[in-house]
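Student: What follows is a single structure, and I will ask about it in a moment.
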Amino acid sequence: MSVIKEFNLKSVPGYKIMCESYNSAADVVEDCKKRAITNNKYFNNMADGTLGGHDKDWCGVDSYKQALKYLEKGYQPIVDKLKFAIKSNLQGQGKRISFNNDIVGYAPIVPLAIMGVPTAMVNTYIKPIKSKVIDVYYDGTFSCGVKSDDIIKTGAKVISVILQLEQQGYRFNLYQVQSYSDKEDCDMLCVKIKDSMQPIDLKRISFPLTHTGFSRVIGFDWYSKTPKGKYRACYGHALCHEGKVNDKLGDVFKEMFGGNAVYISGNKLWRKGDDGGKYLQGVFTKCGQKA
């Protein structure tokens with residue numbers, strides 16, 4: 001089940017956003033199955049076998065069925081790549097638990113106890129961490145000229161940084177958003193990908209967060225069917241390309257989703273190239289600092 005809200009933005013007077021929010025990517029697909037296209041004259045039918053006339057190189061998949069398969073089983077290349085990152089983090093500086101000799105603890109060190117050494121107990125120490133929850137809204141809307149491989153690499157970078165920071169104790173609610181906008185208003189899809197109380201499930205989040213097929217196939221299908229949406233020429237553009245909104249996106253997302261909301265534009269992150277990971281680290285660690 002989804003929730004639809006319409007925002008008349010205070011941070012950008014005169015601009016409106018219709019946002020439909022879901023608790024999972026699977027719920028988006030279920031609604032798409034039940035809904036009809038709202039404007040058959042202009043919207044493409046993404047599920048009719050033609051991918052709306054687009055090819056595999058642009059969509060990242062060769063069929064709507066393949067997109068659904070990735071959604072169900074995960075996008076394995078990203079899963080395999082990031083599994084390695086998890087192992088590396090667990091073996092490295094992300095470790096928070098250490099064991100030391102102490103005068104108190106949960107188990108005795110028998111030889112030391114016999115010798116009468118005061119520090120004859122094994123005690124557990126947990127490295128203190130920042131515990132503020134960060135709500136990350138990752139905009140997976142990319143310009144039409146961005147290659148599918150670049151979109152996937154950019155999304156994987158977001159997961160990789162979050163994996164590293166969660167090993168250090170940060171907590172994230174993670175959302176994927178898609179924006180279809182023009183100079184007057186925007187239709188937005190918002191999907192919760194990860195809850196801060198749960199560890200990252202790579203198979204479940206790999207496709208909706210990183211893969212082109214979720215935005216250019218599933219997302220386009222949603223856009224053509226959401227009941228309060230409207231058609232925009234060329235499906236509009238990413239919200240970060242709307243001039244009067246672009247420099248206020250941080251305020252916009254806090255207004256819509258609360259004070260912990262952090263907006264990340266996939267388009268802008270992609271343009272940062274190799275510096276993207278360092279940029280994300282800086283943004284998230286700054287947000288995670290205690291007030």
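Student: Suppose we keep only residues that are free of Cβ contacts under 8 Å to residues at least 40 places away in the same chain and touching a Lys or Arg at 6+ places or on another chain (Cβ under 9 Å) within region 245-290. Which one would you say is surrounded by the fewest Cβ atoms within 10 Å (Cβ to Cβ)?
Tutor: The extreme case among them is 278.
Student: I'm trying to understand the selection: among the residues of region 135-163, which are acidic (Asp, Glu), over 16 Å from residue 272 (Cβ atoms) and surrounded by fewer than 20 Cβ atoms within 10 Å (Cβ to Cβ)?
Tutor: Answer for region 135-163, where residues must be acidic (Asp, Glu), over 16 Å from residue 272 (Cβ atoms) and surrounded by fewer than 20 Cβ atoms within 10 Å (Cβ to Cβ): just 149.
Student: For the condition buried (at least 20 other Cβ atoms within 10 Å of the Cβ), more than 22 Å from residue 57 (Cα to Cα), modelled with pLDDT of 95 or more and of a type in the set (A, V, I, L, M, F, W, C), what is the one hit in 217, 191?
Tutor: 191
Student: All but one of (1) under 26 Å from the mean Cα position of the chain (by Cα); (2) surrounded by fewer than 18 Cβ atoms within 10 Å (Cβ to Cβ); (3) over 30 Å from residue 257 (Cα atoms); (4) not polar (S, T, N, Q) hold for residue 33; which doesn't?
Tutor: Only one criterion in (1) under 26 Å from the mean Cα position of the chain (by Cα); (2) surrounded by fewer than 18 Cβ atoms within 10 Å (Cβ to Cβ); (3) over 30 Å from residue 257 (Cα atoms); (4) not polar (S, T, N, Q) is unmet by residue 33, namely (3).
Student: Same structure again: Does region 213-225 contain at least one residue that is closer than 23 Å to residue 273 by Cβ, within 15 Å of the chain's Cα centre (by Cα) and of a type in the set (A, V, I, L, M, F, W, C)?
Tutor: Yes, region 213-225 has at least one match.
Student: So residue 166 clears everything in (1) at pLDDT below 95; (2) within 27 Å of residue 258 (Cβ to Cβ); (3) surrounded by fewer than 18 Cβ atoms within 10 Å (Cβ to Cβ) except one condition, right? Which one?
Tutor: In the conditions (1) at pLDDT below 95; (2) within 27 Å of residue 258 (Cβ to Cβ); (3) surrounded by fewer than 18 Cβ atoms within 10 Å (Cβ to Cβ), residue 166 misses (3) alone.
Student: Further, regarding this structure: Which members of region 23-67 meet the condition of being assigned to a loop (DSSP other than H, G, I, E, B) and charged (D, E, K, R)?
Tutor: 35, 41, 48, 55, 62
The values are calculated or read from the model by the stated rules, or taken from the named source; none is laboratory data. None of the values given here were measured: they were computed from a predicted structure. In this analysis, Cβ positions are derived from the backbone assuming ideal geometry, glycine residues included, and neighbour counts consider all displayed protein chains.
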